[in-house]
1. Mean residue ellipticity at 222 nm from the helices of the chain, using -39,500 (n - 2.57) per DSSP H segment of n ≥ 4 over the full residue count, to the nearest 500 deg cm²/dmol?
2. Give me the distance in nm between label points sitting 7 Å out from Cα along the Cα-to-Cβ direction at I5 and L30, one decimal.
3. Can you tell me the FRET efficiency between E71 and L39 if r is taken as the Cβ-Cβ distance and R0 is 41 Å, rounded to the nearest 0.05?
4. From the P(r) of the chain, can you give the percent of Cα pairs sitting at distances over 16 Å?
5. Could you give me the ³J(HN,Hα) list for region 34-46, computed from phi with Karplus coefficients 6.51, -1.76, 1.60 and θ = phi - 60°, whole Hz, x at Gly and Pro?
6. Could you state, as a whole-number percent, how many of the C-alpha pairs of region 11-61 are farther apart than 15 Å?
Amino acid sequence: MVSHIGNEYISEAMKMAQRIMRMANCGELLTNNDECGVLFGVLRDCAYKIRKQAMRDTQIQKQKTIADEIEYLLSEQSEIQKPKCEQS
């Protein structure tokens, strides 16, 4: 079964990426220092990478959930179809 804790970490990573992106955007708007532009670019790049990986992990979690559900349903189906032995 998919870990609820894993989903919480993915969600927190998405929020963190959003905060980093906001910080980079605000910093870029509020400072006139061109040298900080490199820092804001690095922050923005990191935020995109974090978000991309979190989205990838979300997809993997969904696929695992679907696979687990299919496996469960198939095992239930095989239990239903097992012939019952009759005693004479």
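Only the coordinates and a few stated rules stand behind these numbers; no lab work does. These numbers were taken from a predicted model, which means no experiment stands behind them. Backbone-built Cβ (ideal geometry, glycine too); neighbour counts: all protein chains shown.
1. Computed ellipticity for the chain at 222 nm equals -30500 deg cm²/dmol.
2. The two pseudo-label positions are separated by 3.6 nm.
3. Between E71 and L39 the formula returns 0.30.
4. Result: 67 percent of Cα pairs exceed 16 Å.
5. Running phi through 6.51 cos²θ - 1.76 cosθ + 1.60 with θ = phi - 60° gives 5, 5, 6, x, 5, 4, 5, x, 5, 4, 4, 4, 5 Hz.
6. 46 percent
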